[in-house]
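Structure first, commentary second.
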Amino acid sequence: MQIKGKDDNQGTEDEEPLPIPGNPAREWNMTDPSAMYAGEILLAVEKPSRYTGGEVNAVRKDPGACRLLFALAFPDTYEIGMSHLGLQILYAVLNGLPEVACERCYAPWPDMEQELRRRRMPLCSLESQRPLAAFDIVGFSLQYELSYTNVLMMLDLGGIPLRREERGDEHPLIVAGGPSAFNPAPMSAFIDAFVIGEGEEVVKEIADAVMAVRARGGKRREQLETLAAISGVFVPDIHTGNERIRKRIITDPDAWRQPLCPVVPLMKTTHDRVTLEIARGCTRGCRFCQAGMVWRPVRERTPAVLEEMAEAMLRATGHDEISLLSLSSGDYSRIEPLLTTLMDRYYARRVALALPSLRAETLTPQLIEGIRRVRKTSFTLAPEAGTQRLRNMINKGNTEEELLVTTEQVFAAGWKAVKLYFMLGLPGEREEDLEGIAELAHRVLRTAKNRGQVTVSLSTFVPKSHTPFQWQRQIGIEETAARQEFFKRRLKNRNISVKWHDARMSLLEGIFSRGGEETGDLIETAFRLGCRFDGWSDRFRFDLWEEALHRTGIDATASLRERPWSEIFSWERIDCGVRRDFLLGEAEKAEAGEATPDCRTGSCSDCGVCDDRTGTGCGIVSPVIVPADAPVGTLVSTFAGPEDAGRPEKAFRLRFTKLGPARFLSHLELSTALSRAMILGGIFFVYSQGFHPHPRISFAGATAVGMESRGEFADIRIQDPGAELETIVARINAGLPSGVAVTAMRELPPHDFSLAEIVKGFNYDIILPEEIGEEDLQRCEADILRFLDVKSFPVRREVSGKTVLKEIRPLVTGLALDRPSRRIILSAHFGPSGTVRPTELLTFLFGFSPEAARGIRIVKTATHPADFAGPADREIMGTSCRKVSPLTA
């Protein structure tokens, strides 16, 4: 029986993307929207768990019961987007509105984009697999310039016209926010409305406004006019004059505690942890830093609120790490007692703490000692410049002495590696500054006393809007390359490694960071040429960007030029709160090498954010600073448990399922989900010893991605849960993703057989496709008889990149066809070198192509226990583990 794949013409990655018609509801394959991303398509991509949905804490509302459908779209991969706190906050805020259904969508990787285009299927949300074109509002997060082509790719795949003037009443409103929205010009041709500033309050106002207009029958134009009247919203089609758009800001961070139940990712993400935002804003005043300017003023959450949020998020997620997030975590007023309290409280749960944004001058010995107690990989610091002269010019605010004292303490505390971030091409940079970077790297290495590693990371300075350096020149590719060559020659110590950001990427960032509306044509041209994921080095196609620059006539060198101080920029219509005259004054101070002190500890620098007398500020009287005596440690945790519970250890064996969308989870993803669910269920693991303790949990082998199972098994060692097994199972199941459920659990006696010893084989149901006809079934029966009649049946198998012959006949103990259900029933056992893979029978015995075999549903139905297994193990592993005879089930 020979079944070929549906389409052997897969194309290549470098081909121009296939165009998508304008109306997906009529022209795309949408016969079964509820199963849009299932079966064959997910098995054809590298990481199917990016697209399945069904995560713990994901919100699934009935769209028919809601008045507004809102899609939050992140123009990067699932693992990047799921690490972004802002998206989780807006998801919680919007789904907290009873009449709004908010869902998520992430940029598909090129393999998924190719499959969607080949099958003429639209890009859909995770929660309901609804096409983007079917939402009322699609909101994009613009975190960095090199994601712009991904925005167009997602619009195109979603069936939404790229340019706003091409959209009609039948299309969703396209809204965007994030740091890049502070210069909206490059994306203004594609975005209907930009949210400037912080989104918690304004996103609710947008939802309410659109629902009100739609309720009275208002069309697209009226919706845009209503949005334009909301403070902090810039609508390019309406705001065509000299209107200034003032940024939105949250004045009381304690009043906004979302998300308390963040969505728990199915796969390993960039930041797989609880993100606890301890403060917003920064007043250090680094002159190159856009975030430090546009997110002013500083607003700190009180320790009591932070403790409550940490408790709620740990209880809701099962994460084993908390990241204390702000632009400068060490500046938080009560950072030392907060860090100590959280580490002590959750030690029994083995919860680690991370401080991702630390400055050398804020690191006290107490902080370093606190961080030393948790996981240590490398310690990151950002001197930015190699000499004190240049650090003063950029207003970095720290000294070389402070850096060296810090690194000496860090190495002494047990860290083996320190990473130092520097920028090339800073305003006022001289050759002595480059030499200073090299000298500083060697001095830092000497503080390690010959037992450490130093990594020097170099990036090119990119002038950003709304900063004192927005008038400065950016160096080009050749100048960056010359500086990189200098460090290749200068830093040849085996304990010093040098890394740098791609200068070509920096060039594009520079074009867009200060670009005007004309750069929109460049973005669209590059997209149509095939540019995607431009911030990923393995996907970056600079040759296509060069072609796009040529076609649009944009001069890259002119885009990087120095601007006169008299030049008025297009983004100055966006009021970030910091006045133009303050930025000019800081630019002049930079030329003079004069520093500006932090206004939290020094005098007010009169930047304009906290001054509303002229009507140009944001109406905030002063920063929100936690008092020095704010109480810490007042929360009584019901989740953490005592440091030593004193309960005896017990071992249990679990049987659980991997069905439906869960079949696309890898073994690591499945085991992580199970471990988290147990923590959520109140279970205290027994941990391994060593530098990185792990919960004591083991599994009975790994089921292949794409295969379903009614009988997966795990052994766990935990502290006595003190509850009935039925109660424990219910608690665990409440925290598992869709398709995973514990179906049996039993306590193991001391010195019982391990799963590796007791599991000897499995039964599988192979469900044949509907298109298999009567003749094919007859050939299938003949193939089974032929197989059972031979003593040897070798197959080709890829092992460590090599093709080897694998003998599988002795591993098959039963093979049968059940005609009524169109199932092939396989019984297989483990041999010294493994077992048979069901797909090997499909391809080498039954003649399916590898592509077709991957799309066939396979279910592991039962497990074969060893002959010496007792009644309890036979019961938990299922009693249906019987051998099958030929041609009968």
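The values are calculated or read from the model by the stated rules, or taken from the named source; none is laboratory data. Note that the structure is a prediction, hence the values are computed from the model and not measured. All Cβ positions, glycine included, derive from the backbone under ideal geometry; neighbour counts span all protein chains shown. Protein only, heavy atoms only, side chains kept; ligands, DNA and RNA dropped before computing areas. Shrake-Rupley method; radii C 1.70, N 1.55, O 1.52, S 1.80 Å.
Couple of notes before you dig in:
- Hits in segment 111-142 (condition: basic (Lys, Arg) and either more than 20 Å from Val175 (Cα to Cα) or surrounded by 23 or more Cβ atoms within 10 Å (Cβ to Cβ) (or both)): Arg117, Arg118, Arg119, Arg120
- In summary, Asn763 fulfils each of the numbered conditions (1) touching a Cys at 6+ places or on another chain (Cβ under 7 Å); (2) loosely packed, with under 15 Cβ neighbours inside 10 Å; (3) not β-branched (Val, Ile, Thr) with the single exception of condition (2).
- Filter result for Cys105 (touching a strand residue (DSSP E or B) at 6+ places or on another chain (Cβ under 7 Å), over 30 Å from Ser326 (Cα atoms), of a type outside the set (A, V, I, L, M) and crowded, with 24+ Cβ neighbours inside 10 Å): no
- Subset of segment 782-803 [surrounded by 10 or more Cβ atoms within 10 Å (Cβ to Cβ) and either basic (Lys, Arg) or in contact with an Asp or Glu (Cβ under 8 Å, 6 or more places away or on another chain) (or both)]: Arg786, Phe793, Pro794, Val795, Arg796, Arg797
- Single match in Arg819, Arg779, Arg809 (criterion: among the charged types (D, E, K, R), farther than 19 Å from Gly706 by Cα and in contact with a Phe, Trp or Tyr (Cβ under 7 Å, 6 or more places away or on another chain)): Arg809
- In segment 440-466, the qualifying residues are those that are among the hydroxyl-bearing types (Ser, Thr, Tyr) and under 28 Å from the mean Cα position of the chain (by Cα), and the one that is farthest from Glu562 (Cα to Cα) is Thr455.
- Taking the criterion of being open to solvent by 70 Å² or more (accessible area, probe 1.4 Å), part of a strand (DSSP E or B) and modelled with pLDDT under 90, the only residue of segment 737-760 that qualifies is Lys760.
- Residue-level check: of (1) without any contact (Cβ under 8 Å) to a residue 40 or more places away in the chain; (2) surrounded by fewer than 23 Cβ atoms within 10 Å (Cβ to Cβ), Ile174 misses just (2).
- Yes/no for Lys499 being of a type outside the set (A, V, I, L, M), open to solvent by 10 Å² or more (accessible area, probe 1.4 Å) and without any contact (Cβ under 8 Å) to a residue 40 or more places away in the chain: no
- Segment 247-284, subset assigned to a loop (DSSP other than H, G, I, E, B) and charged (D, E, K, R), residue surrounded by the most Cβ atoms within 10 Å (Cβ to Cβ): Lys247
- Scanning segment 676-696 for residues that are surrounded by fewer than 19 Cβ atoms within 10 Å (Cβ to Cβ) and in contact with a Pro (Cβ under 9 Å, 6 or more places away or on another chain), we see that the one that is farthest from Ala741 (Cα to Cα) is Ser688.
- In segment 832-851, the residues that are part of a loop (DSSP other than H, G, I, E, B) form Cβ pairs under 7 Å with partners that are surrounded by fewer than 20 Cβ atoms within 10 Å (Cβ to Cβ) and of a type in the set (S, T, N, Q), at six or more places apart or across chains, as follows: Gly847/Gln2.
- A single entry from Thr341, Thr377, Thr362, Thr387 fulfils the requirement of being under 30 Å from Met678 (Cα atoms), surrounded by 18 or more Cβ atoms within 10 Å (Cβ to Cβ) and either of a type outside the set (A, V, I, L, M, F, W, C) or modelled with pLDDT under 90 (or both): Thr341.
- Of residues in segment 223-246 being acidic (Asp, Glu) and part of a loop (DSSP other than H, G, I, E, B), the one nearest to Ile196 (Cα to Cα): Glu243
- Of the residues making up segment 384-405, those that are under 31 Å from the mean Cα position of the chain (by Cα) and not acidic (Asp, Glu) are Ala385, Lys396.
- Every residue from segment 404-458 that is aliphatic (A, V, I, L, M) and in contact with an Asp or Glu (Cβ under 6 Å, 6 or more places away or on another chain): Met423
- Residues in segment 696-717 that are without any contact (Cβ under 8 Å) to a residue 40 or more places away in the chain and in contact with a helix residue (DSSP H, G or I) (Cβ under 8 Å, 6 or more places away or on another chain): Ile697, Ala702.
- Test: residue in segment 64-82 that is surrounded by fewer than 20 Cβ atoms within 10 Å (Cβ to Cβ), farther than 19 Å from Leu123 by Cα, in contact (Cβ under 8 Å) with a residue 40 or more places away in the chain and touching a helix residue (DSSP H, G or I) at 6+ places or on another chain (Cβ under 8 Å): yes
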